[in-house]
Amino acid sequence: MRYIPNSPEERAEMLNSIGLNKSAELFASIPDDLLLREHLNTPAALSELELLSRFERMGQRNAGPGRVSFLGGGAYSHYIPTIVDHIISRSEFFTAYTPYQPEISQGTLQAIFEFQTLVCQLTGMEVANASMYDGSTGLAEAVLMAERVTKRSRVIAAASVHPQYLEVVKTYVQHAGIELQLADFDKKTGQISSTLGERIDDQTAAIVVQSPNFFGCIEDVAALATLAHARGALMIVAVTEAISFGLLKPPGACNADIVVAEGQSFGVPLSFGGPYVGLFAVREKYARQIPGRLVGEAYDKQGRRGFVLTLATREQHIRREKATSNICTNEGLIALAATVYMETMGRKGIQEVAQQCAQKTAYAARRIGELDGFSLRFSGPRFNEFVVRGPAEATSQLRRLARDRAIDGGIALSRFYPDCENDFLVCVTEINSREQIDSLVEGLRDFSNE
Amino acid sequence: MANVPEDLHYSKDHEWVRPDGDVATIGITDYAQNSLGDVVYLELPKPGEEFATNESFGSVESVKAVSEVFTPVAGKVIEVNEQLNDTPEKVNSDPYGEGWMIKVRMASPGEVDSLLTAAEYEDFTKAESE
Amino acid sequence: MDIYFMKTSITKVSSHLSLNEHLIFERSQTGRIGYCLPPLDVDETPIDDILPANLRRDDDLEGVPEVSEVDVIRHFIRISTWNYSIDLGMYPLGSCTMKYNSRLNEKVARIADFANLHPLAVEQDAQGALQVIHELQECLAEITGLPGVSLQPAAGAHGEMTGVMMIRAYLDRRDGEGASANRRTMLIPDSAHGTNPASAHLSGFSVKTIRSNAAGLTDLDHLRELCAHGEVAGLMLTNPNTLGLFESNIKEICRIVHDAGGLVYMDGANMNALVGIARPGDMGVDVIHLNLHKTFSTPHGGGGPGSGPVCCTADLTPFLPKPLVIKSGDEFKLDSDRPHSIGRVKAFYGNYGMMLRALSYILTHGYDGLREATEAAVLNARYIAHGLASDYDKPFEGAPMHEVVFTDKRQTRKGVHTLDIAKRLIDYGFHPMTIYFPLIVQGAMLIEPTESVGRQELDQFVASMISIAHEAVENPDLVLNAPHSTRIGRLDEAAAARKPVLRWKPRAKADAA
């Protein structure tokens, strides 16, 4: 095996030098009846050439990647500068462990410190951690944190939060003594209903909204935060499309208390859903309640600046069952990718991407909305996604678009909401050219004439 | 060897008590601060909160450890050492002086007599570290 | 400092160009650009028609850096050189399994047909991706001897939470929720990783600690005593345990817990000692998580991404997270119709890119290579255990598996502690071992070389450790002030925690704050 440096001869010598004769003796502490008598029933070894062609063949069974895509819904196609993959492919970053030894981990630590700073800047918050697994688990951790901070047990979440995020929250809180209530959205605007305020009481730990929400509509976070704060509840904002930070008023400026976001849009490939990276930011007063790792500035005896993991007493390895979370390994390398992306795009680039998304989406929505038989289901302001109501069942129409025009035209909402069979969610980003948008419109026009 | 002032009363959780009438000043011992290491943060109660004997009234954090602190005597908190918010290191440098944590009005001032004397506490820590 | 290296033949470290580099924010210059997008090709809509001003940000992203592409490259390449990494040398962190991360696996994960696949692509458009998941599930089921597999958890702790929630769901269903409410104790050995009790807590269990005996193994009598109370939901056990010792009584341990009506959870962090040799399923384990970023070589990436698959018995399979990838005829499907499932633990299907790498690892090794890797890993650890026995205190007699624990007991006499030894090891060119873990061993040094280290490097490591043991006697200050060869010295972590600075701020704002 080429990854094992010692040859069989060397290993035999090493065995002898420690007083053993054969490899089997290394496992003497395992009872005989537990030792495998035969080899594992897994495939035989493949050479590099065989292996690559095997994976390439499997890859060809994925029809999606060859198509023009308007799929969003929590995972987005954006332009990724070439240098992102180059930098995260540096051995020094990707083959390092969690930076427990700061003297020889300053590269990772400084990058995380920059990540935390950028997350604060984009979200408008004061403290950000070193990352969560993704947006969905980050949201679940935010809900648990709200319960810890307020010592209240009811959480009201907007029904327009990503359905899979809601499922994850439900799983996490099922044994935490937290009651999760869903608040409906306005069927016309797609935004959270203004009657939400009436449901908030002194047992409400937090209200949770996503903005832009799963249907692409932007919520009035500031107004909702006022309602929450009036009853002493926290305002949790989830964002699945991080590019929206380049244009929308940041949740921090809308008085959010906890902001979680999926960072995939920042230079991370779709990769069938992971690995992505969760952004998690809070108000300064909650810094000691935040889950996950934090990097802080520190100095050595000579006064040289460096960075260390800090406030570790919140974490599982010290506080064990009383920790703020059980999270340990997070998404370090993906956080690095996001950091490289944010810095490369920079102040201007992040805004330009966001503006292009909004402009192209406005164009696409207008064109599609003009088609006979098609309408835009919600009137609320949008960023880069919107729900289209078609003349017939969306699943089969999308199937035909894929087959006949090689376009993935959107996500059929019936996957998540069985009563929305004619609705589909369209996402347009800076990588969709006008030509692509026009061909989607033409493809849909075929259906409106049927 | 840890410093154990003669005139104080001690608990087996390594707190000290300095009674003055019905008011008791409470902190942690030199031995405790030494085994915790550099104190970086304290979580202390607010004035007005009441605690039973041996109830946790807060926690002391060092870089790599957290330790709860307990009331050796029952009573109502009348003052909290706010200085420690900014200078938690006082717990290390002056555990019996500027590192004090809370003052409580004791429910029954006689309770201090059930605590360890300096000599008893010294023996106790010796046994514990062996 | 260089004179000390001259004393031995250990010449792994010498001074090296290390460029200083500020934070990117301090490099930023107004007007610099690092990207290029095509111009907007649709008719522009007035921005106020798209979004009212009160919903738009008005800070022009103040503070976000403005840098060129060259700035970004230099910035990251410079700071990258401040890191130690597996590709640079031995990284013997115990219980972390820092083995070689093959470039081939990286190439596989970047195949465009996988990397560009949207997670909400419909099943029939993602057959290749689902096939990879299914094949990996089958391999992991075979390796662990446990037939039910979910790849959804994103890391080891996430897998633990998942596994423990499955135990809770199983008990609730078996006993009814009323009776199950009396079964809320999770037993966890005192040597366990801190994630175990934290994960148990998330499922509503309270934790009782089991003592280790003098041999460093689970104290069976204590286990029996704790199980006698009747409220035991289960046991979370690491095997080999965090002292590197195989729990030889594992079958008896499982029997005791099962007889008490509980289930056995195994923390698979240490599976690198077992793959191809013995299987948790055969030992009586009910559910286990694996760390693909340990045993199956997916890169640690400076702290993730990980991947923490859960494998379980047929009895527990109905409780696995949903959806589950299943094969039906020649087609792969996402099965969401699982009424007893604990639910979804992550959006989409888990850290898919890690699954590609892990399957690539398994296929590159083949069944014989997997066993060979395990043998080589255990041999390397045993070789170190042998090499250090005369200079360091080894608290447990038993022969270690893939990792071995030593202590600083002999060195403390001169005031040199584990932390100092670890820091001094850096000067010899090695990443330190895991220190002060497990918690039950005073001054623990937990060393796991993995199979990815050759004999010469093992010899150098042993010689370095012995040299440090001598230094601890002859020149303790040298060790106490280590490291001497790094660009910064030991940082004042207490000051950092007292007044945490967790983000950069522009100078004027920082002064005002």
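C:SER180 meets all of the listed conditions (1) under 25 Å from C:PRO153 (Cβ atoms); (2) of a type outside the set (A, V, I, L, M, F, W, C); (3) crowded, with 22+ Cβ neighbours inside 10 Å but one, namely (3). A residue that is outside any loop (DSSP other than H, G, I, E, B) and either within 7 Å of chain C (Cβ to nearest Cβ) or modelled with pLDDT under 95 (or both) can be found somewhere in the range A:325-332. Of all the numbered requirements in (1) over 29 Å from C:GLN124 (Cα atoms); (2) more than 8 Å from chain C (Cβ to nearest Cβ); (3) part of a helix (DSSP H, G or I), A:ASP404 misses one, and that requirement is (1). Listed by first and then second residue, the pairs with beta-carbon distance under 9 Å, at least 6 apart or on different chains, first residue in the range C:358-370 and more than 7 Å from chain A (Cβ to nearest Cβ), second in a helix (DSSP H, G or I) and of a type in the set (D, E, K, R), are C:LEU359/C:GLU135. Where strands (runs of 3 or more DSSP E) fall entirely within the range C:244-313, those with at least 2 residues that are at pLDDT 95 or above and over 22 Å from C:ASN213 (Cα atoms) are at C:287-290, C:310-312.
Of the residues in the range A:255-270, how many are outside any strand (DSSP E or B) and either hydrophobic (A, V, I, L, M, F, W, C) or out of contact with any strand residue (DSSP E or B) (no Cβ under 9 Å at 6 or more places or on another chain) (or both)?
First, pick out the residues of the range A:255-270 that are outside any strand (DSSP E or B): A:255-257, A:263-270.
Now narrow it down to the ones that are either hydrophobic (A, V, I, L, M, F, W, C) or out of contact with any strand residue (DSSP E or B) (no Cβ under 9 Å at 6 or more places or on another chain) (or both): A:256, A:264-270.
Qualifying residue count, the range A:255-270: 8.
Checked against (1) part of a loop (DSSP other than H, G, I, E, B); (2) surrounded by fewer than 24 Cβ atoms within 10 Å (Cβ to Cβ); (3) more than 9 Å from every other protein chain (Cβ to nearest Cβ); (4) at pLDDT 95 or above, C:GLY343 passes all but a single condition, namely (3). Being in contact with a His (Cβ under 9 Å, 6 or more places away or on another chain), among the aromatic types (Phe, Trp, Tyr) and part of a loop (DSSP other than H, G, I, E, B) is a condition met by at least one residue of the range A:86-100. Applying the condition of being part of a loop (DSSP other than H, G, I, E, B), touching a residue at least 24 places away in the same chain (Cβ under 8 Å) and within 9 Å of chain C (Cβ to nearest Cβ) to the range A:271-310 and asking which residue is surrounded by the most Cβ atoms within 10 Å (Cβ to Cβ) yields A:TYR276. If you go through the range C:276-317 and keep only what is more than 19 Å from C:ASN351 (Cα to Cα), at the interface with chain A (Cβ under 8 Å from one of its Cβ atoms) and out of contact with any Cys (no Cβ under 7 Å at 6 or more places or on another chain), you end up with C:GLY276, C:ILE277, C:ALA278, C:ARG279, C:ASP282.
Picking from residues in the range B:96-130 that are among the polar types (S, T, N, Q) and in a helix (DSSP H, G or I), the one that is surrounded by the most Cβ atoms within 10 Å (Cβ to Cβ) is B:THR125.
Contact annotation: residue pairs with Cβ atoms under 9 Å, 6 or more positions apart or on different chains, pairing a residue in the range C:207-233 that is without any contact (Cβ under 8 Å) to a residue 12 or more places away in the chain and closer than 20 Å to C:GLY244 by Cα with a partner that is surrounded by 17 or more Cβ atoms within 10 Å (Cβ to Cβ) and not small (Gly, Ala, Ser), are C:ASN213/C:ASP219; C:ASN213/C:HIS222; C:ALA214/C:PHE396; C:ASP219/C:PRO189; C:ASP219/C:ILE210. Just name the residue that is surrounded by the most Cβ atoms within 10 Å (Cβ to Cβ) out of those in the range A:12-27 that are more than 7 Å from every other protein chain (Cβ to nearest Cβ) and outside any helix (DSSP H, G or I). My answer is A:LEU20.
Being away from every other protein chain (no Cβ under 13 Å), crowded, with 24+ Cβ neighbours inside 10 Å and under 28 Å from C:ALA155 (Cβ atoms) narrows it down to one residue among A:VAL208, A:VAL161; which is it? Explain how you work it out, then say what you get.
On the way: A:VAL161 fails: away from every other protein chain (no Cβ under 13 Å).
Residue meeting the stated conditions: A:VAL208.
Within the range A:101-112, being at the interface with chain C (Cβ under 7 Å from one of its Cβ atoms) and either in a helix (DSSP H, G or I) or charged (D, E, K, R) (or both) holds for A:PRO102, A:GLU103, A:ILE104, A:GLN106, A:GLY107, A:THR108, A:GLN110, A:ALA111. Across the range A:115-130, the qualifying residues are those that are at the interface with chain C (Cβ under 7 Å from one of its Cβ atoms) and touching an Asp or Glu at 6+ places or on another chain (Cβ under 7 Å), and the one among them that is surrounded by the fewest Cβ atoms within 10 Å (Cβ to Cβ) is A:VAL127. Per the listing C:SER85, C:SER15, the residue uniquely part of a loop (DSSP other than H, G, I, E, B), more than 23 Å from A:ILE431 (Cα to Cα) and within 9 Å of chain A (Cβ to nearest Cβ) is C:SER85.
Residues of the range A:41-76 that are out of contact with any Gly (no Cβ under 6 Å at 6 or more places or on another chain), of a type in the set (A, V, I, L, M, F, W, C) and in a loop (DSSP other than H, G, I, E, B): A:LEU46, A:ALA63, A:LEU71, A:ALA75.
Pairs meeting the criteria (first residue in the range A:361-390 and farther than 19 Å from A:SER433 by Cα, second residue of a type in the set (Lys, Arg) and assigned to a loop (DSSP other than H, G, I, E, B), beta carbons under 8 Å, at least 6 apart or on different chains) are A:PHE378/A:LYS188; A:SER379/A:LYS188; A:VAL387/A:ARG377; A:VAL388/A:ARG377; A:ARG389/A:ARG377. Residues that are more than 7 Å from chain C (Cβ to nearest Cβ) and buried (at least 24 other Cβ atoms within 10 Å of the Cβ) were ranked within the range A:53-76; the one that is farthest from C:VAL122 (Cα to Cα) is A:TYR76. More than 11 Å from chain A (Cβ to nearest Cβ), in contact (Cβ under 8 Å) with a residue 24 or more places away in the chain and touching a Ser or Thr at 6+ places or on another chain (Cβ under 6 Å): which single residue out of C:MET465, C:MET445 fits that description? Being more than 11 Å from chain A (Cβ to nearest Cβ), in contact (Cβ under 8 Å) with a residue 24 or more places away in the chain and touching a Ser or Thr at 6+ places or on another chain (Cβ under 6 Å) holds for just one of C:MET465, C:MET445, which is C:MET445.
The one condition from (1) surrounded by fewer than 18 Cβ atoms within 10 Å (Cβ to Cβ); (2) without any contact (Cβ under 8 Å) to a residue 60 or more places away in the chain; (3) under 29 Å from C:GLY489 (Cβ atoms); (4) within 12 Å of chain A (Cβ to nearest Cβ) that C:ALA389 does not meet is (3).
Within the range C:389-406, can one find any residue that is small (Gly, Ala, Ser), touching a strand residue (DSSP E or B) at 6+ places or on another chain (Cβ under 7 Å) and modelled with pLDDT of 95 or more? I'd like the intermediate steps shown before the answer.
Step one: filter the range C:389-406 for residues small (Gly, Ala, Ser), giving C:389-390, C:398-399.
Checking the rest, the ones that are also touching a strand residue (DSSP E or B) at 6+ places or on another chain (Cβ under 7 Å) come to none.
No, because not a single residue in the range C:389-406 is small (Gly, Ala, Ser), touching a strand residue (DSSP E or B) at 6+ places or on another chain (Cβ under 7 Å) and modelled with pLDDT of 95 or more.
Residue under question is C:LEU220, and the condition is that it be away from chain A (no Cβ under 13 Å) and farther than 30 Å from A:ALA63 by Cβ; does it hold? Yes, satisfied. If the condition is being surrounded by fewer than 18 Cβ atoms within 10 Å (Cβ to Cβ) and assigned to a helix (DSSP H, G or I), then the range C:319-340 contributes no residue at all. Among the residues of the range C:108-128, just one is within 27 Å of C:GLY268 (Cα to Cα) and facing another protein chain (nearest Cβ under 7 Å), namely C:VAL108.
The values are calculated or read from the model by the stated rules, or taken from the named source; none is laboratory data. Keep in mind it's a predicted model, so treat the numbers as computed, not measured. Neighbour counts are summed over all protein chains in view; Cβ atoms, including those assigned to glycine, are modelled from backbone coordinates with ideal geometry.
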